[in-house]
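The values are calculated or read from the model by the stated rules, or taken from the named source; none is laboratory data. A quick note: this is a predicted structure, and the numbers were derived from the prediction, not measured. Methodologically, a virtual Cβ is constructed for each residue, glycine included, from the backbone with ideal geometry; neighbour enumeration extends over all protein chains shown.
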Amino acid sequence: MSKYDDLFTAAANEDSVFIDKGALDPLTEPDEIIARDPKEAELASILNGVNEGYLPPTVSIHGPPGTGKTLTTRRVCREFASRHSDCAVEYVNLKECRTLFSAANEILLEVAGERKKAYEGLDGIFEGIWTTLEEYPEYTILLLDEVDHIKHDSNYDVSDFFYRLLRGEGKLKRDITLSAWLISNQLIDVDLRLDSRVESAMGEESVYFGPYDMGRLDKLLHPRLEQGFRDGAVPDEVRSYGIREASKRWGDARKTISLFRNAGELANERGQARITKACIDDSLDATNKEATLEKLKALPYNCLVVLSGMAFWRDKATGEIAKSVTTSEIVDATERIRPESALGERAVRDVLRELETIGLVNTWIESRGQGGRVKKCETTFDPEWIGQALDQLKE
Ligand SMILES: Nc1ncnc2c1ncn2[C@@H]1O[C@H](COP(=O)(O)OP(=O)(O)OP(=O)(O)O)[C@@H](O)[C@H]1O
Ligand SMILES: [Mg+2]
């Protein structure tokens with residue numbers, strides 16, 4: 001036996017709680033969409049407009065993370081298009097697009113299989129899109145996923161981008177029917193502060209995907225747990241407990257699937273034949289941390305500067321990161337950490353407001369008697385994670 005035979009034998013876990021761990025990967029497309037019948041019906045009724053000669057210019061699909069927006073919208077549209085030769089569906093994810101130019105180029109790439117160079121500008125790209133769509137079936141549905149990731153850039157304005165997409169001259173001239181379905185966590189016209197001429201071109205159609213309640217999460221998890229775990233590895237009371245906690249905290253299918261996978265891994269590490277409530281509890285903490293790290297890594301630069309400023313000060317007695325800090329301490333810290341990107345008091349307050357809205361920071365005013373009032377803040381998570389998120393970003 002070679003060294004590797006020994007290695008692999010040692011690594012093989014005969015008593016693993018898993019039989020098909022792939023079933024517990026949220027990226028594995030499920031065969032069926034579960035417990036979203038009313039949403040599927042809403043989407044189908046909008047699509048049915050094709051039979052009546054009308055699709056709305058935009059449809060807003062919104063709701064919190066992991067609620068099935070991408071899965072359900074893509075699947076229902078694809079199934080519809082496969083039954084209607086006069087309708088085409090294209091899907092573009094804009095998550096990685098840093099500029100409006102690159103967002104438009106992604107759309108062009110999807111419909112025409114090519115990109116334009118920077119000198120051709122947004123106009124050049126849209127011209128390319130309309131020329132291609134002229135050859136398309138009568139109705140085109142463009143699914144723009146994670147559309148809330150696009151931001152104003154130095155050359156173009158988000159409103160300009162949408163105005164071109166909805167009312168562009170090249171489109172009107174060729175009489176192209178395009179229905180843009182905007183998938184995001186927020187209602188897009190509010191989130192991107194679009195101007196009124198775009199808002200009036202957008203239409204009102206919207207479909208909201210709310211968080212999953214316990215009953216729905218249970219149905220959704222059922223086939224995955226059956227397929228993923230060995231018989232008896234997830235006792236009923238542990239399953240109910242995990243699903244109840246997941247629905248109370250998140251209502252997010254993706255996180256719930258990961259919760260059970262993590263719990264299974266913990267059970268294996270601990271040499272247990274089945275997962276226990278303690279595995280679920282520890283996995284809840286780990287899943288929360290993972291989700292927070294993901295959120296931190298996606299933040300704009302200034303937010304990370306402020307958070308690093310918050311995590312700069314340490315308690316003299318314990319050596320741990322100070323629990324709460326004042327805004328002037330943050331300003332001071334940003335000057336010490338990175339003088340070239342130090343922020344003033346006002347900028348720090350603005351960023352804190354933003355961080356508070358997304359639930360990463362709590363702020364309050366503290367009275368210091370004669371010393372006046374100061375604004376204090378603390379993170380809603382373990383501040384040690386800030387450094388870990390920054391390290392992961394560097395990798
Ligand atoms: N109704 C459902 N039936 C079966 N699986 C589901 C369902 N909803 C969600 N899932 C699972 O959860 C994963 C996440 O769903 P999806 O990507 O559609 O969420 P989302 O609402 O688009 O989230 P985000 O806002 O983060 O983009 C899916 O890949 C799928 O594995
Ligand atoms: Mg999505």
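Given G63, G121, which one is surrounded by 13 or more Cβ atoms within 10 Å (Cβ to Cβ), within 14 Å of ligand 2 (Cβ to nearest atom) and among the small types (G, A, S)?
G63
(1) within 15 Å of ligand 1 (Cβ to nearest atom); (2) closer than 18 Å to S179 by Cβ; (3) among the β-branched types (V, I, T): which one isn't true of I150, the others all being true?
Among (1) within 15 Å of ligand 1 (Cβ to nearest atom); (2) closer than 18 Å to S179 by Cβ; (3) among the β-branched types (V, I, T), the lone unmet condition for I150 is (2).
Could we say that E79 is among the acidic types (D, E), within 16 Å of ligand 1 (Cβ to nearest atom), surrounded by fewer than 17 Cβ atoms within 10 Å (Cβ to Cβ) and at pLDDT below 95 here?
In short, no.
Does R230 satisfy the condition of being at pLDDT 95 or above, closer than 22 Å to T28 by Cβ and in contact with a strand residue (DSSP E or B) (Cβ under 8 Å, 6 or more places away or on another chain)?
Yes.
Can you find a residue in the stretch 39-59 that is in a loop (DSSP other than H, G, I, E, B), assigned by TED's automatic domain parsing to the domain that holds R167 and within 13 Å of ligand 1 (Cβ to nearest atom)?
No, every residue in the stretch 39-59 fails to be in a loop (DSSP other than H, G, I, E, B), assigned by TED's automatic domain parsing to the domain that holds R167 and within 13 Å of ligand 1 (Cβ to nearest atom).
Based on this model, can you work out whether L343 counts as part of a helix (DSSP H, G or I) and either assigned by TED's automatic domain parsing to the domain that holds K376 or touching a residue at least 60 places away in the same chain (Cβ under 8 Å) (or both)?
Answer is no for this residue.
Assess whether Y212 counts as being within 16 Å of ligand 2 (Cβ to nearest atom), of a type in the set (F, W, Y) and either surrounded by 15 or more Cβ atoms within 10 Å (Cβ to Cβ) or outside any helix (DSSP H, G or I) (or both).
yes
Within the stretch 9-30, work out how many residues are surrounded by fewer than 16 Cβ atoms within 10 Å (Cβ to Cβ), in contact (Cβ under 8 Å) with a residue 24 or more places away in the chain and either within 20 Å of C77 (Cβ to Cβ) or of a type in the set (D, E) (or both).
Residues meeting the conditions: 4.
Considering only the stretch 1-38, state which residues are in a loop (DSSP other than H, G, I, E, B) and among the acidic types (D, E).
Of everything in the stretch 1-38, those that are in a loop (DSSP other than H, G, I, E, B) and among the acidic types (D, E) turn out to be E14, D15, D20, D25, E29, D31, E32.
Enumerate the pairs (first residue in the stretch 40-62 and touching a residue at least 24 places away in the same chain (Cβ under 8 Å) and more than 17 Å from I183 (Cα to Cα); second residue anywhere and of a type in the set (D, E) and surrounded by fewer than 20 Cβ atoms within 10 Å (Cβ to Cβ)) with beta-carbon separation below 7 Å, excluding pairs fewer than 6 apart on the same chain, so at least 6 apart or on different chains.
Partner pairs satisfying both residue conditions: V50/D86.
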